[in-house]
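Reading through the C-alpha cells given below for one structure.
Where a number appears in this text, it was derived from the coordinates with a stated rule and is not lab data. Owing to the predicted nature of the structure, the values given are computational and were not obtained by experimental measurement. Here the Cβ is made from the backbone with ideal geometry for all residues, glycine too, and neighbour counts use every protein chain on show.
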Amino acid sequence: MPAPFAKPATDEGTHLSYSLQWFAFGVLMFVGFGYAARQQARNARIDAEDEEEEISAMPRPKAPAPRKSKRPTAEEEEDAILDAQGY
C-alpha cells in the first residue's frame with residue numbers, strides 16, 4: 001500500500017546564506033556604481049582643467065603678412081570660378 005512521503009524541512013538552511021549573499025551583491029552594486037560615477041566626474045573635471053591650461057598656453061595665431069602683388073592668388077581664382085558656377 002502506498003505510504004506518504006515525509007514532509008520536507010522548512011528551515012532556512014543554505015537558502016538563508018544565499019539570500020544574504022545576493023543582498024550583499026545588491027549593496028555592492030550600488031557602492032560600485034557610486035564609485036564609478038565619482039571617478040568619471042573627477043576625470044571630467046581634470047580633463048577640463050587640462051584643456052583650459054592647453055588653450056591658455058597656446059600662442060595666438062599671427063595675422064597673415066600683407067600681399068605684395070595685386071594679382072589674385074590661385075585660390076582666389078578657383079573660388080571665383082566656383083562662385084560663377086553656383087557652387
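Structure data summary
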{"quantity": "Condition met for D79 (surrounded by 10 or more Cβ atoms within 10 Å (Cβ to Cβ), within 20 Å of the chain's Cα centre (by Cα) and not in a loop (DSSP other than H, G, I, E, B))", "calculated": "no"}
{"quantity": "Residue within region 7-19 that is within 35 Å of the chain's Cα centre (by Cα), surrounded by 10 or more Cβ atoms within 10 Å (Cβ to Cβ) and assigned to a helix (DSSP H, G or I) present", "calculated": "yes"}
{"quantity": "Residue match in region 49-65 (condition: touching a helix residue (DSSP H, G or I) at 6+ places or on another chain (Cβ under 8 Å), without any contact (Cβ under 8 Å) to a residue 40 or more places away in the chain and outside any helix (DSSP H, G or I))", "calculated": "no"}
